[in-house]
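J.: Pasting a structure below so you can have a look.
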Amino acid sequence: MTTPFQNPRLRQRGRASVDFLAGMAAASGPVRASVDAAIAEKVPSPDALPDNLDERLVHMDAALADCPAWPVQQLLGDWHGRMHGRISAEAFEEVEDDLAPLFKAAEQGPATLRLDPAMKAPDYWDGVHFHRTTGGWEGHANMGYIHGEIIHKKLVGRFFPGGIFQQRRDVAAMAPRETYKRILDMGCSSGHFTTALTETYPQAQIVGVDLSARMLEHAWRTANANGWNWQLSQQAAEATDFEDASFDLVASYIILHEMPADAIRKVFAEAFRLLEPGGDLLMSDVTRYEDMDKLAVWKADRGAMFGGEPHWRESASLDLEAVAREAGFVDVTSSGPYPYVIQGRKTEA
Ligand SMILES: C[S@@+](CC[C@H](N)C(=O)[O-])C[C@H]1O[C@@H](n2cnc3c(N)ncnc32)[C@H](O)[C@@H]1O
């Protein structure tokens, strides 16, 4: 469901800029095809590529040194990485005044928002320009709206076959029970997976945490505009202030690749603490490197390294099934490739 507050109609300039960005990504297909052809010629045995990921990057750069399409592909990727946040913010600013009354109205409603201006955000997140957007998740006073409604709905959503919102609904539906009482969405961001959880389990009380005040503000307004009673708070997923055993489902959608391995282990331990006995775990993230061939890992790793994803390699290399078991979960299973979903259960007392 989309309320008038969501998915804004952009002005012509903003719409053209966003369309250009999206169109350029689509139009770069022939460049990618040329690079892929060069790779097939220069790297006939991908299994023989270096195991070490840094050495693999160097090896591939050398292999593609005389491929004319390779610097073009890098230039396009670099431009897209640097510009998508700025272009989306400018498109938003053109319609900001029109949206102001809708923002105001969406501050009334059943959802609650608890921000913590004194919160000490973890170093792995604070000041990091995730996705190469200046200031990362906090890079604009309305970053939640810009990311949730423009970047996700008018850019990213166009590139992903099957749809980024359907992916979230599919993951939400993987939890084993028909109904839940109280669900925690860790790293709820602007509320897209939270929405899928609400739609899948309409009778559950939905609770969301995120480090980003800007993202939470948009999630809060979205919930109010839709009449949902989400309880949102600004806190680290690995150290929340909720009581032990206060949820029957703890879930997350694609936050783990934004954390180093140590923080991920703490997130799973916190999920275990927060679940009641018999409660379910439903975490999802990017494709595991061990499930990809060496070339696919190189592409993902390079994209992450130059795309503002400083923790991706460490996270995607982690055995999340082992992490879940170490945290105490039983009946641990996983499925993939994307999103990679890991499930488990806290044993009955
Ligand atoms: C890729 S987004 C998550 C996407 C979101 N679940 C959705 O469905 O659109 C990553 C989010 O995780 C948040 N985040 C990263 N580390 C976190 C942590 N330790 N605790 C809480 N939130 C965190 C970021 O602020 C960001 O909003």
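J.: Being more than 9 Å from the ligand (Cβ to nearest atom), modelled with pLDDT of 95 or more and either over 21 Å from residue 171 (Cβ atoms) or not hydrophobic (A, V, I, L, M, F, W, C) (or both) is the requirement here; does residue 246 meet it?
T.: Yes; evaluated as a whole, the condition is true for this residue.
J.: How do the pairs read when you match residues in segment 181-210 that are touching a residue at least 60 places away in the same chain (Cβ under 8 Å) and under 15 Å from residue 6 (Cβ atoms) with residues anywhere that are open to solvent by 10 Å² or more (accessible area, probe 1.4 Å) and outside any loop (DSSP other than H, G, I, E, B), using Cβ under 6 Å and keeping only pairs 6 or more apart or on different chains?
T.: 189/210; 192/168
J.: Where residues in segment 120-144 are closer than 25 Å to residue 103 by Cα and within 13 Å of the ligand (Cβ to nearest atom), which of them is nearest to the chain's Cα centre (by Cα)?
T.: 137
J.: Please work out if residue 175 is under 22 Å from residue 278 (Cα atoms), within 11 Å of the ligand (Cβ to nearest atom) and assigned to a loop (DSSP other than H, G, I, E, B).
T.: When the stated conditions are applied, residue 175 does not pass them.
J.: Still on this structure, I have one more. Quick one: in segment 297-338, of everything that is outside any helix (DSSP H, G or I) and within 25 Å of residue 79 (Cα to Cα), which residue is most open to solvent (accessible area, probe 1.4 Å)?
T.: Per the criteria, the residue is 310.
J.: A further question follows. I'd like to verify a number: residues in segment 262-284 that are within 15 Å of residue 322 (Cα to Cα), free of Cβ contacts under 8 Å to residues at least 60 places away in the same chain and either of a type in the set (Asp, Glu) or surrounded by fewer than 24 Cβ atoms within 10 Å (Cβ to Cβ) (or both), how many?
T.: Summing the residues that are within 15 Å of residue 322 (Cα to Cα), free of Cβ contacts under 8 Å to residues at least 60 places away in the same chain and either of a type in the set (Asp, Glu) or surrounded by fewer than 24 Cβ atoms within 10 Å (Cβ to Cβ) (or both) in segment 262-284 gives 3.
J.: Could you tell me which of the residues 17, 28, 34, 45 is touching an Asp or Glu at 6+ places or on another chain (Cβ under 8 Å) and hydroxyl-bearing (Ser, Thr, Tyr)?
T.: Exactly one residue qualifies, and that residue is 17.
The values are calculated or read from the model by the stated rules, or taken from the named source; none is laboratory data. As the structure is a computational prediction, the values presented were derived from the model and not from experiment. Positions of Cβ are generated from backbone atoms using ideal geometry, with glycine treated the same way; all protein chains shown enter the neighbour counts. Side chains are part of the model used for accessible areas, which takes the heavy atoms of the whole protein and leaves out ligands, DNA and RNA. Shrake-Rupley method; radii C 1.70, N 1.55, O 1.52, S 1.80 Å.
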